[in-house]
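Here's the structure, in structure tokens; my notes come after.
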Amino acid sequence: MLARAFFFTAIFLALEVLGTPTSAFKRSKDAGLLVQTSSGLIEGFFNSTTPDVRQFLGVPYAEPPTGNLRFSPPQAASSKGNIKAHKLPNSCMQQFDLSSSTIYTTYETEFLVNGGNSEDCLYLSIWAPGINRIQSEKRPLPVLLYIPGGGFTSGGQNSLYKIPDQWVQRTKSHIVIVMNYRVNIFGFPNAKGLEDQNVGFLDQRLAVEWVYANIGSFGGDPERITLWGQSAGAASVSTYAYSYPENPLVAGLIADSGGPRIITNTDTAHTNFTFIAGLVGCGSLSAHQEISCVRKVPAQRLENALSYYNGNGTKPSVSFTPVVDNKTAFANYTQRVLDNKVAKTPMIIGSNQNEGAGFVSFTPNGPGPKALASATQIISCPVGEEVNNRNLGYLPTYRYQYAGNFSNISPLPWFGAYHSSELPLLFGTHDEYRGRSTKFEWEVSYAMEALWLSFAEDPTRGPSRVAIGDAPANPNKNSYFSRPEFKQGGSDLLLIAQDDELMQLVSADDIDKAC
């Protein structure tokens with residue numbers, strides 16, 4: 001492991017990253033800061049920390065899912081007139097847990113969401129190069145549309161480690177968009193009186209449709225959208241291919257640390273919703289009366305009832321995550337591949353070497369290697385299963401494992417390449433909140449960003465261009481690396497940042513044989 005660095009939290013840097021609009025830049029259509037969309041005329045801004053990046057924060061893609069729209073499929077946003085998109089929106093209603101401590105609550109708070117939460121949360125935020133750069137390009141720019149993780153119970157775009165402005169400022173060659181979507185009981189209610197149980201998945205689809213219809217006005221290419229997610233976001237991305245086999249609207253898929261088998265909700269009797277309904281005064285009602293009653297309960301009261309019940313450790317626990325509906329989540333993904341009911345969209349998919357460190361309760365010395373290995377399989381096994389399914393369908397797939405262990409991201413030795421630890425390197429935020437990043441850490445960051453971006457530029461080509469300035473950054477020590485598709489039984493897994501080796505191609509057998 002790299003030498004342990006001095007650990008500190010610099011809150012003033014957080015404010016600098018999020019930034020505020022600066023009067024040093026003219027806010028005009030000429031600067032590309034006024035963009036007409038289906039949601040209205042969107043006014044963006046520049047800030048001093050990323051002066052070449054247009055930021056449009058908090059753009060509505062759906063009507064507020066409140067009142068009678070609570071628990072319902074999202075409705076496309078109507079035109080709101082002039083919208084000042086100058087700050088990140090509230091996160092969707094967050095389920096909280098007061099009963100346990102994790103590495104995220106103890107050390108890695110930059111992964112958590114900031115600001116408030118609200119039912120009125122169906123917004124996305126856009127980071128795009130300045131209009132002069134857009135106009136100098138020969139074609140519209142590729143787009144990365146990111147779905148945040150959070151176990152389907154929490155998460156959102158206002159998260160310090162996952163702000164992409166520095167990455168866009170450095171490359172000026174792509175657009176990054178991050179969405180909010182409903183989570184926990186608001187996004188996956190699984191109530192008997194509803195036709196659609198996974199409305200959080202429908203939020204994601206509507207966000208894709210909004211981007212496809214509007215991104216051209218920001219200088220993006222609607223034919224080169226890559227849907228990217230991590231953890232629950234990765235499970236969302238991978239199931240998306242099965243939900244929309246004929247019209248995915250996206251050209252590429254990237255799933256960091258997640259696959260369809262992460263979805264394990266088996267509450268087919270809808271008892272969880274009925275139980276929570278009883279806690280908020282809506283018990284002993286018919287299915288439709290129950291829905292009508294719960295829709296009138298204040299959002300925070302409903303969220304508190306769920307969170308405090310689970311946080312107290314009362315049994316049985318209740319959860320609200322996606323359920324099999326055979327529309328957005330399915331009982332048998334292997335059969336769907338064999339039945340040709342999956343989009344042919346190329347995919348990058350992978351996991352981290354020590355995912356389990358993000359799932360165990362925090363103790364200073366960790367739970368030990370056996371417990372970490374077992375918890376790591378929560379992610380690595382569903383990833384392996386999805387790769388195998390994609391191989392059965394001859395779907396272009398590029399598999400990786402991230403092994404980076406950097407002291408400003410993993411301050412305790414047992415953290416290693418924990419769940420989410422690759423994200424600061426991909427978003428370019430790894431150097432912002434603790435000790436300085438090492439030269440090797442910067443090289444890994446640039447290499448991973450180049451891989452993800454080269455894939456977004458042309459997913460049919462695969463991730464094929466990895467360079468750091470004039471220095472090569474690929475297993476073959478050449479200036480160009482065409483990464484092979486992953487095939488079961490081969491040595492096609494891209495191992496990233498193992499010890500001091502930037503990248504190497506290895507077998508996945510050691511990962512998969514434990515599943």
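Too long at a 32 Å Cα-Cα cut-off: which of Lys84/Lys296; Lys162/Lys439; Lys344/Lys439; Lys87/Lys296; Lys327/Lys370? Flagged as over cut-off: Lys344/Lys439; Lys327/Lys370. Rounded to the nearest angstrom and listed largest first, the equivalent-ellipsoid semi-axes of region 67-121 from its Cα gyration tensor are 30, 17, 7. When every alpha-carbon pair in region 105-194 is counted, what percent end up more than 16 Å apart? The answer is 62 percent, as a whole percent.
Rounded to the nearest 0.05, what FRET efficiency is calculated for Tyr104 and Gln135 with R0 set to 41 Å and r the Cβ-Cβ distance? Using R0 = 41 Å, I get an efficiency of 0.50. What you get for region 46-110, charging only the Cβ of Lys and Arg (+1) and of Asp and Glu (-1), is a dipole of about 380 debye around the Cα centre. Share of pairwise Cα-Cα distances greater than 13 Å in region 311-373 is 79 percent (whole percent). Ignoring the sites themselves, the chain has its longest run without trypsin sites (Lys or Arg not before Pro) in a DSSP loop having at most 10 other Cβ atoms within 10 Å at 139-476. A viscosity of 1.306 mPa s and a temperature of 10 °C, combined with the Kirkwood radius over Cα pairs in Stokes-Einstein, give a translational diffusion coefficient for the chain of 68 µm²/s. Sort region 35-148 into rounded, prolate or oblate with this rule: let a ≥ b ≥ c be the square roots of the eigenvalues of the Cα gyration tensor; rounded if a/c is under 1.5, and if a/c is not under 1.5, prolate when a/b is larger than b/c, oblate otherwise. Here region 35-148 falls in the oblate category. Just in region 181-265: which GluC sites (Glu not before Pro) are loop by DSSP and have at most 15 other Cβ atoms within 10 Å? Filter output for region 181-265: Glu195, Glu246.
Seen from a random direction on average, the alpha-carbon convex hull of region 216-348 projects onto 11.2 square nanometres. Report summary: the helix-based calculation at 222 nm, which adds -39500 (n - 2.57) for every DSSP H run with n ≥ 4 and divides by the residues of the chain, gives -8000 deg cm²/dmol.
Would you work out which of Leu395, Gln377, Gly220 lies farthest towards the positive end of the dipole of the chain? Charges go on Cβ: Lys and Arg +1, Asp and Glu -1. Value: Gly220.
Under 27 Å of direct C-alpha separation, and excluding same-chain neighbours fewer than eight residues apart, Lys138 reaches these lysines: Lys26, Lys29, Lys172.
Every number here is computed from the coordinates shown, using simple stated rules; none is lab data. Every value quoted in this text rests on a predicted model; they were computed, and no experiment measured them. Positions of Cβ are generated from backbone atoms using ideal geometry, with glycine treated the same way; all protein chains shown enter the neighbour counts.
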